[in-house]
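Read through the structure below, which is laid out as structure tokens, and then see the notes.
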Amino acid sequence: MQTRFLAIGELTETPATAVVIDVMRAFTTAAWAFAQGAERIVLAESLDGALELKARHPGWIALKDGPPAPGFDAVNSPGRIRDTDLTGRTVVQKTTAGTVGALAVRGAELVLCASFVVAGATARALHGRPDVTFVVTGEDGRAEEDLACARYIAHRATGATPDPAPHLRRAAESTAAAELAQGVREGVHPDDVRLCLELDRFDFTMAAAPEDGLMVLRPYGEDGR
């Protein structure tokens, strides 16, 4: 398997297979939303776009980075979303990096959105794919936690069994982890960093694809659904 690790701004063409990485916290929060029963997650282009979708569909749950804000129902925090019953609900998610990365590769044949909590399932979904582009969303492609997760998934996708400890340690020592732990970022739960570092917490990965003009994220199992 040939792999590339690119920042969002380094994408010059649409890859066939893209894995969009956002460990802290978009695609950890998304995984928890599915675990709490969400049917699908609509990836919004902008905050205004998220609010417009919410206005057209009052039953949808709108989620954003940072502190609570008028019109939004939740914030981008796995610690906060894990206690929310989302059974059968549609979530609209807009974040600074993760959703932007997924929208940037919307034309790919397969777009997987990943973090450590779905690393193993993501690696299995990549089996047999000859060319994979990992989109490292945080800090213009320099986020240590996203690079660590991307490298781990890429290695594991070859059929190897890499030691996760160095990768998790690299993520735990990242700038993002420090900012979350110190409360520099808003809308944080005290358990967020720990939850973002729970390797293989869930037995599914997540695939994004166009649906009715929207980019929609859904659980994606080994059976391709």
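The values are calculated or read from the model by the stated rules, or taken from the named source; none is laboratory data. Everything quoted here is computed from the prediction, not taken from an experiment. Virtual Cβ from ideal backbone geometry, glycine too; neighbours counted across all protein chains shown.
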Being out of contact with any helix residue (DSSP H, G or I) (no Cβ under 9 Å at 6 or more places or on another chain) and in contact (Cβ under 8 Å) with a residue 60 or more places away in the chain, is that true of even one residue in segment 159-168?
no
Test of understanding: among ALA44, ALA55, which residue is more than 23 Å from ALA172 (Cα to Cα), at pLDDT 95 or above, out of contact with any Ser or Thr (no Cβ under 8 Å at 6 or more places or on another chain) and of a type in the set (Gly, Ala, Ser)?
ALA55
Those residues that are assigned to a helix (DSSP H, G or I), of a type in the set (Gly, Ala, Ser) and surrounded by fewer than 24 Cβ atoms within 10 Å (Cβ to Cβ), I need them from segment 124-145; list them, please.
GLY141
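Residue by residue, here is whether (1) without any contact (Cβ under 8 Å) to a residue 24 or more places away in the chain; (2) out of contact with any strand residue (DSSP E or B) (no Cβ under 8 Å at 6 or more places or on another chain); (3) in a strand (DSSP E or B); (4) within 16 Å of ALA143 (Cβ to Cβ) holds:
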{"position": "THR3", "(1), (2), (3), (4)": "no, no, yes, no"}
{"position": "PRO15", "(1), (2), (3), (4)": "no, no, no, no"}
{"position": "ALA33", "(1), (2), (3), (4)": "no, no, no, no"}
{"position": "GLY49", "(1), (2), (3), (4)": "no, no, no, no"}
{"position": "LEU53", "(1), (2), (3), (4)": "no, no, no, no"}
{"position": "GLY59", "(1), (2), (3), (4)": "no, no, no, no"}
{"position": "GLY71", "(1), (2), (3), (4)": "yes, no, no, no"}
{"position": "ASP85", "(1), (2), (3), (4)": "no, yes, no, no"}
{"position": "VAL91", "(1), (2), (3), (4)": "no, no, yes, no"}
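When only residues in segment 178-208 that are among the small types (Gly, Ala, Ser) and over 14 Å from the mean Cα position of the chain (by Cα) count, which is nearest to ARG89 (Cα to Cα)?
This residue is GLY187.
Filter segment 76-111 for residues that are among the acidic types (Asp, Glu) and under 26 Å from THR12 (Cβ atoms) and give the result.
So in segment 76-111, the residues among the acidic types (Asp, Glu) come out as 83, 85, 109.
Of everything in segment 76-111, just one residue is among the acidic types (Asp, Glu) and under 26 Å from THR12 (Cβ atoms), namely GLU109.
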Odd one out for THR122, checked against (1) among the hydroxyl-bearing types (Ser, Thr, Tyr); (2) more than 14 Å from the chain's Cα centre (by Cα); (3) closer than 29 Å to LYS94 by Cβ:
(2)
